[in-house]
Structures are given as C-alpha cells and as structure tokens.
Amino acid sequence: IATKEGRAAGCIGANLSRSYHDVGYVGFFEVNPGDPAASFVAGSLLASAEEWLTRRGVHTIIGPVNVCTWFQYRFRRRTSDPHDFAWEPTNPPEYIDLLKENGYMEHEWYYTDGLDGLSAVVDQTHSAFERALELGFSFRQFRNDENDLRHLYEISALSFRENYFFETIPFESFRALYVPVSRKNDLSLSHFVVSPDGKEVGYFFCFEDNGYVVYKSVAVLPKMRGLGLSNALVHVVGTRGLERGLRMLITALVRKGAQSESYAKKAQKLWRHDYVLFRKEI
C-alpha cells in the first residue's frame, strides 16, 4: 500500500504462479488517476512488486491478474459505449497507460460483443444439436446442488487445463467463487450436456442480463471434443432465450483467436468492449 500524507494513495499485489516456472502475477492495482502524483505512485507500486518477484526468481510478469485467472484479470479499454456489466473488468482507462509507462507490453487481447440475432445463432447451430441427439447426448439445466457443483469443478479442471495460464484451485475456492454468483443470478439458461451413459461431459454457463443472453463460459471434456457439443449447447441456450422473448446475445470475455469466436458469425454486432493483458520481462 502506498501512502500520501497519512492516507492510502494506491495498492498492488504480487504472487507467484503455482503452475508456471519463473512466472509471477501483479494485480489488485489501484491508484487515483486524478491525483497529480498518480504516475509516480503507480511506478513506485510496480517497482515494489517487481522487486519482490525478482527476489523469488521470477523473470516474466503477467498482469493485471488478481492471484490467478479464476479471479478478476485484464484491463478494459476506454470506450464511448454506455454498456457496463458487473462481470466485466472495471478500471479507469488510465491504468493501461500507467502500465505502459512502466515497461509493460500488451500481450493478450479479449473482447465482449453485444449482438442482435439470437434466432440466427439458433438456426446456425441446429444441425449440431440434432447430431448430438442422434449420438445419444442429452441436455439439462443446472440444478445448483452439491453434485452439480462437483460436475462444474471437475469438467472445468479437465477442460481448461490447456488454457493460457490456467491454474488449478481447490474445490473449496471454486465453491466460494460459484455459490455467491448462483445465489444472486438466475442460471436457468445454463445447461450441462450429458453423455449416452448418463455422465455430465460439458456445460455452458449462461444467464440473462439487461435483455441479453450472456454466453459466458463453455467447457467440454477433451475426450468429447470434435462432436459439435459446444455448438449444440449454444443452440439449447439460445432456444431457451428465444422462449423468454430475448433476441440479443453477448459473447463474453472471449480471447481473440479462440474457437468460440465462430459462434455468432451470422448475428449483427451492436457494440464491442475490448480488454488487454500485459507482460513484462525482468
């Protein structure tokens, strides 16, 4: 914590990666961009974090990451679009410049698209849904019970382990993340895909927000990939959204170049939010 005249002027956190050698994270970054000393405070905080990481053998810093990518990470770019959502990164746009001033380079890019044309997406993915049914797969809503929590945790751990800077977390930490979200949001749009032998093999975590169907997180077990199950889940969720009278969708927090970019090619883009993750070699 940086202090100025006895008051907090900024803060930062630093920690080691549990899975990647020589990698550390900086996060929990806060300064007052309106303070004339903001640039100095930011530089001092980052220098302190880098010194701490260097002493522990780190050569690559990724940020902003609050502990690991299960928690909040990335900075959102400045935009004139009025939409804001609670599940997005929230930061003053000046934070991006402050990191660049201190030698951090843009490293990974992400976006959220607001789209009109849910019915087109449903039509586009209908054949994948029909094929999944022919193969004996079925689909069901989340029940938000202990069994489903375990299914989510286990499918996520196996499906995301090859994702960029994925870190494993204990089940109790996963529970602490998921339960508050499930209690304050209607997750009835979220669905599992179930194999012919009755086992949950994938899911799409989705919800409604301000008239949009939000496609948030999709996961399919590696052994079940290549069967079109992700697109089938897109179809199921979209169909439920249409039944509610919804016509718009959001593809949320997508990493550029990811397979999920193809989900909404036939929909009309209304707006886009961009985010960035930084890297620095020390």
Exercise. Can you name every residue in the range 218-243 that is surrounded by 17 or more Cβ atoms within 10 Å (Cβ to Cβ) and not in a helix (DSSP H, G or I)?
Worked result: V218, A219, V220, L221, L227, G228
Seminar exercise, completed: Selection over the range 28-40 where residues are under 17 Å from P93 (Cβ atoms) and either aliphatic (A, V, I, L, M) or assigned to a loop (DSSP other than H, G, I, E, B) (or both) yields a count of 6
For this session: Among the residues of the range 15-46, write down those that are farther than 23 Å from C68 by Cβ and either in contact (Cβ under 8 Å) with a residue 12 or more places away in the chain or in contact with a Ser or Thr (Cβ under 6 Å, 6 or more places away or on another chain) (or both).
Result: N32, P33, D35, A37, A38, S39, V41, G43, S44
Seminar exercise, completed: All conditions in (1) closer than 26 Å to I169 by Cβ; (2) part of a loop (DSSP other than H, G, I, E, B) are true of Y95 except (2)
For this session: Go over the candidates S127, S156 one by one and state the one that is open to solvent by less than 20 Å² (accessible area, probe 1.4 Å) and part of a helix (DSSP H, G or I).
Result: S156
Problem set entry | Hits in the range 1-40 (condition: of a type outside the set (G, A, S), farther than 30 Å from P170 by Cα and under 29 Å from the mean Cα position of the chain (by Cα)) | V31, N32, P33
For this session: Please verify whether the range 194-205 includes one or more residues that are in contact (Cβ under 8 Å) with a residue 24 or more places away in the chain, open to solvent by 10 Å² or more (accessible area, probe 1.4 Å) and part of a loop (DSSP other than H, G, I, E, B).
Result: yes
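The values are calculated or read from the model by the stated rules, or taken from the named source; none is laboratory data. Treat the numbers as computed from the prediction; the structure is a model and nothing was measured. Counting neighbours? That spans all protein chains shown, and the Cβs are built from the backbone with ideal geometry, glycine included. These accessible areas exclude ligands, DNA and RNA; they are computed on the full protein's heavy atoms, side chains included. Shrake-Rupley method; radii C 1.70, N 1.55, O 1.52, S 1.80 Å.
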